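Before any comments, here is the structure.
The values are calculated or read from the model by the stated rules, or taken from the named source; none is laboratory data. Note that the coordinates shown come from a computational prediction; the quantities given were computed from them, not determined experimentally. Backbone-built Cβ (ideal geometry, glycine too); neighbour counts: all protein chains shown.
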Amino acid sequence: MTNHAGFAAEDAAAAAAAAVTPPSQAAAAAAAQAGKHFSTCKKAAAAGNMDLAGAGVTIPGFLLDSMRASSPRHAKLAAGADIDDWLEKHPSALAWFESVAAAANGKEIVVFLDYDGTLSPIVTDPDRAFMTDDMREAVRGVAKHFPTAIVSGRSIDKVFNFVKLEELYYAGSHGMDIKGPTAAASEYHNMKKGGAAVTRQPALEFLPVIEEVYQSLTAKMASIKGALVENNKFCLSVHFRCVDESEWGVLDAGVRAVIEGYPDLRLSKGRKVLEIRPVLDWDKGHALQFLLKSLGYEGRNDVFPIYIGDDRTDEDAFKVLRNMGQGIGILVTKFPKETTASYTLREPSEVKEFLRKLVKSKSNGTKG
Ligand SMILES: [Mg+2]
C-alpha cells in the first residue's frame, strides 16, 4: 500500500523549508553538490552525460517535485521566509551546548544515533558509507559513559559492519530489528542489568514477502542506469542518487508498479532513496521507546535521551521525545527543514564534536 497523500504533504513541507535557504549558502551548496554529484556519480551513471541542470524535463508525479524541493540547487529564498526564525527554533547543539548540558544535569543520558548522514557522510555508493576512525572513537567514548544505540534503516549486519563496536545497541531496519550489546555488559556503564539479551523483531512474518519484492524490484530497476536496490532485511531501499533526473518518473512508476500488489507494504522517501517497509505500527520512535524500557528507564523522569539523525524517518523518534517532554532531538542538516527536533547540527563532523563535548561534560561532573 502506498501513502501518496502523506508523501505529498512531506514534500510540500520540504519545499517550504528548502525555500528559506539564504541565496549565498544555496549557491555555494549547489556548486558543491553539482561538483560532488559529477565526480561521484559519473561511474555509476556510466554514460557520463547526465543532465545536472534538469532544465526542461517535465515528469508528472510527486517524486520529481520532491527531489527538486530537497535539492540545494533548486533552493530559492521565499518572500517572507526568515532563516533567523528557524535557527531560533532549532539552534545549534554545539553553539548552545551549555544549555544542553544544563538540561541533562543530574539525569542519566542515553544516546541514540542514526548512521547514514549522521555518523557517515552521504555517499553515492551505499556500500561505501564508511565512518572515520575519529568518529568511531567518539562513539566508543560516548558508549563508555552512556548507554548508546545505533538506529538505522540499514540491516543490523550492514550497519554493524560499518560501526564495528560491540558495546552498542543496534536497531536496524528502521527499528524493526533490535539487538543488545554483544560485549560484556558489565564493562559498560548502565547497560541492561543482569546482561540479558535485548532482542525485538516485530516484522519477522514479513521476511518472505520482503525477499520476494527485493527480487522483483531488482529486476525492474535493472534497466534504470544508476538505480540501486538495497535489501535491509525487514525493509528495502531504492537509491536514486545516481539516476539521471530524466529517469526519476520511470523509477517512481516502476517501484509503485511492483509494490501495488502488496497491500502490506508502504512507500516513503528519504534522502534520494525510496523506502519500502511493512505496514506496521513500528518505527524508529517505537525502537527508542523499546530500548528505554529495556534499559529500565520507563516511567522515570531522571532520564535524558539524546537522539541524533538526519532523515525523515528520524522524525518519529524526535516526536516521541517531544511528547515525553524529556531529552532532546537533534536534526543533522545544512538547510532549514520542517522538524520536531529541538536542536540542529550541520554535518557528521559536528556530530563528532558534539559527542566529544558530551564525554567531556561527563568527565567534568555531569551525572550520566
Ligand atoms: Mg540518516
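The table below gives the values:
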quantity	calculated
Qualifying residue in the stretch 222-234 (condition: outside the structural domain of G309 (by TED's automatic domain parsing), surrounded by fewer than 19 Cβ atoms within 10 Å (Cβ to Cβ) and free of Cβ contacts under 8 Å to residues at least 12 places away in the same chain)	yes
Verdict on V303 being surrounded by 19 or more Cβ atoms within 10 Å (Cβ to Cβ), in contact (Cβ under 8 Å) with a residue 40 or more places away in the chain and more than 15 Å from the ligand (Cβ to nearest atom)	yes
Selection count where residues are buried (at least 16 other Cβ atoms within 10 Å of the Cβ) and out of contact with any Asp or Glu (no Cβ under 9 Å at 6 or more places or on another chain), scope the stretch 242-267	12
Test: residue in the stretch 341-351 that is more than 14 Å from the ligand (Cβ to nearest atom), touching a Pro at 6+ places or on another chain (Cβ under 8 Å) and not polar (S, T, N, Q)	yes
Entirely in the stretch 243-312, the strands (runs of 3 or more DSSP E) that have 1 or more residues that are closer than 16 Å to A171 by Cα and within 21 Å of the chain's Cα centre (by Cα)	273-278, 303-309
Subset of the stretch 237-284 [out of contact with any Lys or Arg (no Cβ under 9 Å at 6 or more places or on another chain) and basic (K, R)]	R256, K284
